[in-house]
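To start, the structure itself, in structure tokens.
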Amino acid sequence: MKLLKTLAVTTALAAVLMSVPAYAQTKIALVVKSLGNGFFDAAHKGADEAAKELGDVEVIYTGPTTATAEAQIEVINALIAQQVDAIAISANDPDALVPVLKKAAERGIKVISWDSGVAPEGRLLHLNPSETGLIGSTIIKLAADYLPDGGDVAILSASSTATNQNAWIEAAKKVLPTDFPKINLVATVYGDDDSVKSTDEAKGLIAAYPNLKAIIAPTTVGVVAAAQVVTDMGLIGKINVTGLALPSEFKKFIDNGSSQAVALWNPIDLGYSAVYLANDLVKGGEAKPGAKLSIGRMGEITLDDTNSAAMAPPFTFDKSNIEEFSKIY
Ligand code: RAM
């Protein structure tokens, strides 16, 4: 009798387990500008942490090998075919991705952007790492702080269509004449978040502007390339490299003096929060101005009138603290 009962219970349990539909797991695709970028690897770590906390979430980490919108369109089409529940994208272009993301939305996929945004018609919300104006003035201040007499500086950016870098550069240009009158921005060039192209562009700047005092690279890929060029060309002390850098990748350039200071936010927290927000929307949360959405251990964000929100101010790294942060991200 007991055996029969056990058998019946086991069979019932097996039936229940078998009937648990595969879609019980929420599939969230974290789409990055390009693979092989340490900044996005750190965001991936945070995304996995969020998935583990949420329990019923699976993160699909993906992106193209080159940081272009065309390559991201292919990735998104594959995710639509895979029937993911949400796409959280760091975009290589604000507009070019809109049609394919609209197609994803029509199939019921919740689309958000984070880090580098998509135009509002292509996404439900956008998560900025920090306030755009603040990042813009920070990247100039990082150079100006070490140029008391002013001088020529140049920007080495990511791709020419990157939403985030373009917004920061525009914000930087706005405050230049008023807040940094002695800083002379001579050029902006694009390394496409590719080490080889960024290296070539940094060399080009140095050749074209003999009085260059600083290279500002608001990209973790570009800043490493520029600092390596300054190091290899024996220009430490002549050209200060600064911008947005991942402490783990950049510590050696603070140590060797090719850079005085850089800034960034926590990419782990950013990836973590992006997954929380995408999950909120899949589970019925609504993205509308004024809405408050949970981002787990980071608290909550309130959407502004463009359905965007920003996380924390950027943090500055120099000789005094880069060692400590290089162990985290
Ligand atoms: C690169 C990417 C990313 C940006 C960081 C600062 O890794 O361009 O989008 O946020 O730099």
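The values are calculated or read from the model by the stated rules, or taken from the named source; none is laboratory data. On a predicted model such as this, the values are computed, not experimentally measured, just so you know. Positions of Cβ are generated from backbone atoms using ideal geometry, with glycine treated the same way; all protein chains shown enter the neighbour counts.
Given the condition within 13 Å of the ligand (Cβ to nearest atom) and modelled with pLDDT of 95 or more, answer yes or no: does some residue in segment 278-295 qualify?
Step one: list which residues in segment 278-295 are within 13 Å of the ligand (Cβ to nearest atom), which gives none.
Checked segment 278-295: no residue is within 13 Å of the ligand (Cβ to nearest atom) and modelled with pLDDT of 95 or more.
Scanning segment 206-230 for residues being part of a strand (DSSP E or B) and farther than 16 Å from residue 251 by Cα gives a total of 5. The set of residues in segment 231-245 being surrounded by fewer than 24 Cβ atoms within 10 Å (Cβ to Cβ) and either within 16 Å of the ligand (Cβ to nearest atom) or not in a loop (DSSP other than H, G, I, E, B) (or both) consists of 231, 232. Among the conditions (1) away from the ligand (no atom under 16 Å from the Cβ); (2) touching a residue at least 60 places away in the same chain (Cβ under 8 Å); (3) not hydroxyl-bearing (Ser, Thr, Tyr), the only one that residue 261 does not satisfy is (1). Do you know which residues across segment 246-266 are surrounded by 21 or more Cβ atoms within 10 Å (Cβ to Cβ) and touching a Gly at 6+ places or on another chain (Cβ under 7 Å)? Of everything in segment 246-266, those that are surrounded by 21 or more Cβ atoms within 10 Å (Cβ to Cβ) and touching a Gly at 6+ places or on another chain (Cβ under 7 Å) turn out to be 246, 262.
I need the full set of residues from segment 116-126 which are out of contact with any Gly (no Cβ under 9 Å at 6 or more places or on another chain) and not in a strand (DSSP E or B), in order please. 116, 117, 118, 119, 120, 121, 122, 124, listed by residue number.
From the list 275, 282, exactly one residue is under 29 Å from residue 217 (Cβ atoms), in the same structural domain as residue 122 (by TED's automatic domain parsing) and either touching a residue at least 60 places away in the same chain (Cβ under 8 Å) or among the small types (Gly, Ala, Ser) (or both). Which is it? The match here is 275. Determine, yes or no, whether residue 57 is surrounded by 21 or more Cβ atoms within 10 Å (Cβ to Cβ), under 19 Å from residue 219 (Cβ atoms) and modelled with pLDDT of 95 or more. No.
So if I check each of 193, 115, which one is under 30 Å from residue 60 (Cβ atoms), in the same structural domain as residue 68 (by TED's automatic domain parsing), within 15 Å of the ligand (Cβ to nearest atom) and surrounded by 24 or more Cβ atoms within 10 Å (Cβ to Cβ)?
Numbers: 193 fails: in the same structural domain as residue 68 (by TED's automatic domain parsing).
Only one candidate passes the filter, namely 115.
Residue 149 fulfils the conditions (1) closer than 25 Å to residue 41 by Cα; (2) among the acidic types (Asp, Glu); (3) not assigned by TED's automatic domain parsing to the domain that holds residue 43 except for a single criterion, (1).
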